[in-house]
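Working notes, beginning with the structure itself.
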Amino acid sequence: MPEDPRIAILGAGRLGEALIRGLLDSALVTTERLRATVATSARAELLQKKYGLHVTAGSNGAAVEGADAVILAVKPGTVAAVLASVGPVFSTRQIMISLAAAVPIRRIEGLLPAGTPVFRAMPNIAMTVRQSATALCANASATSGQRCAVERMFRTVGSVEWVEESAMDAATGLSGSGPAFVFHVLDALTVGGDKAGLPKAVAYRLARQTLHGAARLAIETDLTPNEWIEQVKTPGGTTVEGLTVLEEAGVREAFVEAVASASRRAAKLSENL
């Protein structure tokens, strides 16, 4: 793939638009080398005005023609129809990158010319603020150069981890669904602060910054979560009291099971496709 690739994004919804913004803000591509398709003409007009790139309602085939990389950012149930619409103009010199959750590579390969390099990406909603935790995998046709190019694309919206496709369901359960689990914690901390006597708005701001600060500590240091817990708590102190309640309620085990359950659901959806 060239250093200045031509990219087509099929289905520029929330995640597709987030990737557009990341690619343009990082100067990885210019508006002239980026195309997108959407479901409605109103959405197309909105994105054209916002980013100055070529956006159409439908016309997937025209968007794909001449592109080096095609990003499939559509709902899983529409993957077959969208790939059928681009089949006549798609070639193996192009790469296909699917954001469609739970759709396995084998399914995408079966709808494209044999030998097509196919990638799967599992970003999360934090992509919209360029803080996604994205899992990537690729088929055997993908070259090392293509892998590097795809990684560069997704680093414009956060961090990237390469995994085997067999681990993509686990990535979906952890980083894909994970933001909702974290927001669950944020809401609980806010309610707890409110019940303890803080104004709810103040409790929310304190809880939000507490989560942000704890995440930064985890990212910017080598200490493990348990080591940080030891840094915070003191014998007979407030933190120990609160941790005891969490342990007795089985909160840790509940979060472990939440990830496992979400991963199993992702696997089930994949089987049904």
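A short reminder: the numbers here are calculations on the coordinates, not readings from a lab. Every value quoted in this text rests on a predicted model; they were computed, and no experiment measured them. Cβ atoms come from the backbone with ideal geometry, glycine included; neighbour counts cover every protein chain shown.
Please compute the modelled spin-label separation between ASP194 and ARG264, points set 7 Å along Cα→Cβ, answer in nm with one decimal.
For the pair ARG264/ASP194, the computed spacing is 3.3 nm.
With springs only between Cα atoms under 10 Å, which of LEU211, LEU174, LEU19 fluctuates most in a Gaussian network model of the chain?
LEU211
Give me the orientation-averaged projected area of the Cα convex hull of region 159-213, in nm², one decimal.
If you wrap the Cα atoms of region 159-213 in a convex hull and average its projections, you get 4.4 nm².
Which value, in nm² and rounded to one decimal, describes the direction-averaged projected area of the C-alpha convex hull of region 151-273? Please report the intermediate quantities before stating the final value.
On the way: hull surface 41.2 nm².
Answer in nm², one decimal: 10.3.
Counting only C-alpha contacts under 8 Å and six or more residues apart, can you give the relative contact order of the chain as a whole percent?
So the answer I get is 15 percent.
Sort 212-222, 51-61, 106-116, 122-132 by packing, meaning the average of other beta carbons within 10 Å per residue, with the highest value first.
Top of the packing list down: 122-132, 51-61, 106-116, 212-222.
Return the FRET efficiency for the residue pair ALA81, GLU253: r is the Cβ-Cβ distance, R0 is 41 Å, and the value is rounded to the nearest 0.05.
Once the sixth-power term is evaluated, E becomes 0.45.
Expressed in nm to one decimal, what extension gain is obtained for the pair ASP4 and PHE183 from 0.36 nm per residue of sequence separation less their Cα-Cα distance? Present the calculation step by step, with values, prior to reporting the outcome.
On the way: separation 179, 0.36 × 179 = 64.44 nm, distance 3.74 nm.
Here the answer is 60.7 nm.
So if we plug the beta-carbon distance of VAL89 and ALA114 into 1/(1 + (r/R0)^6) with R0 = 22 Å, what FRET efficiency do we get, rounded to 0.05?
Given R0 = 22 Å and the Cβ-Cβ separation, E is 0.85.
Quick one: length gained pulling ALA218 to GLU151 fully straight, 0.36 nm per residue minus the C-alpha distance?
Gain on stretching ALA218 to GLU151: 21.8 nm.
The chain: Rg/Rh from Cα coordinates, Kirkwood Rh?
1.04
Compute log10 of I(q)/I(0) for region 1-150 with the Debye formula, placing one identical point scatterer on every Cα and leaving out solvent, at q = 0.09, 0.11, 0.19 Å⁻¹, to two decimals.
Ignoring solvent entirely, the Cα scatterers give -0.24, -0.36, -1.22.
Place a point 7 Å from the Cα of VAL232 along the Cα-to-Cβ direction; which residues of region 246-271 have their backbone N under 18 Å from it?
246-256
Can you work out the FRET efficiency for the pair ARG106 and THR244, with r the C-beta to C-beta distance and R0 = 41 Å, to the nearest 0.05?
After rounding to 0.05, the efficiency reads 0.25.
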